[in-house]
Amino acid sequence: MLDDITLREVFHFRVSTLGAISVITITLLALIVLLSVLIVYTPLRNILPGYSASLRQQLIQESARVDSLQTSLTLQRQYLDVIKQLTAGDIQSDSVQSLDSLERVERAQILELRNEATEAFMAQYEQKERDRLLLFDNTQNRQVQQLIRPVHGVVAQHANVEHHQYAMTISVAKTENVLSVLRGTVIYIEQALDNTYTVLIDHTQYTSIYRGLRASMKTVGAHVEAGEAIGQVTPQHDMGFELWHEDRPVNPEEVIAW
């Protein structure tokens, strides 16, 4: 490097082939290490292909775990309320049986002497278990049918029949089999442009619709039993589910345990 005015040498350095390769190699390694640190320890990793799907699957699993913890917490709080009433003398200790029966569908009556709080406690959980097991026909009170949960997953979007939102959306953490909710006959199968399937099953008085299936195991006209697998759904495609009774939509969450 020379001075423009005096033309004197200001600075000089020698560059060899080996030196140039070494400088370039060290620079590239430093950039790779810096980029790796940024990806591992910063939110930049969320923009990488494939990582968002893994994160979504993790969120679904954590959501299911939170739902389970909330249910357990509610039971514990109700249990503590009963214990407080026992210690306060509001309930006689000999009127209370084992609370382990709360975990069973058919359980013995726990309290013989009930006040307002314990009455509400019993009514809440007994009604919840009845709703999970039975679907009552509003037009004929004598008819009772059991419905099977179509797939194990988390409800991503709830149905709202009053606002014409007939389908509920279900997300799964892994590939799951889709089950027929009742005995019936497959009357319609359609494959969409995204390679997912829509399956309609006629259950005489009821019709169930399954959307977003990654694979269909049945053909039109096939007879299926309640709980029989009719297809599969993957974490990449949420499943839509509708239930109709004689051309009237039914909210699936009101008649099926989730």
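Annotations
- The set of residues in the stretch 1-26 being at pLDDT 80 or above, of a type outside the set (A, V, I, L, M, F, W, C) and surrounded by 10 or more Cβ atoms within 10 Å (Cβ to Cβ) consists of 22, 25.
- Some residue of the stretch 186-198 being under 22 Å from the mean Cα position of the chain (by Cα) and among the aliphatic types (A, V, I, L, M): no
- Residue match in the stretch 124-137 (condition: polar (S, T, N, Q), surrounded by fewer than 14 Cβ atoms within 10 Å (Cβ to Cβ) and at pLDDT below 55): no
- Selection status of residue 238, more than 24 Å from residue 59 (Cα to Cα) and charged (D, E, K, R): no
- Filtered by the rule that a residue be in a loop (DSSP other than H, G, I, E, B) and either surrounded by fewer than 17 Cβ atoms within 10 Å (Cβ to Cβ) or among the polar types (S, T, N, Q) (or both), the stretch 149-166 gives 149, 152, 158, 164.
- Residue 196 being more than 15 Å from residue 148 (Cα to Cα) and in contact with a Leu (Cβ under 7 Å, 6 or more places away or on another chain): yes
- Criterion applied to 227, 212 was being over 19 Å from residue 156 (Cα atoms), under 20 Å from the mean Cα position of the chain (by Cα) and not charged (D, E, K, R), and the one residue passing it is 227.
- The condition of being at pLDDT below 85, in a helix (DSSP H, G or I) and among the aliphatic types (A, V, I, L, M) does not hold for residue 29.
- Strands (runs of 3 or more DSSP E) within the stretch 181-257 that include 3 or more residues touching a residue at least 12 places away in the same chain (Cβ under 8 Å): 184-191, 197-203, 206-213, 229-233, 239-245
The values are calculated or read from the model by the stated rules, or taken from the named source; none is laboratory data. These numbers were taken from a predicted model, which means no experiment stands behind them. Here the Cβ is made from the backbone with ideal geometry for all residues, glycine too, and neighbour counts use every protein chain on show.
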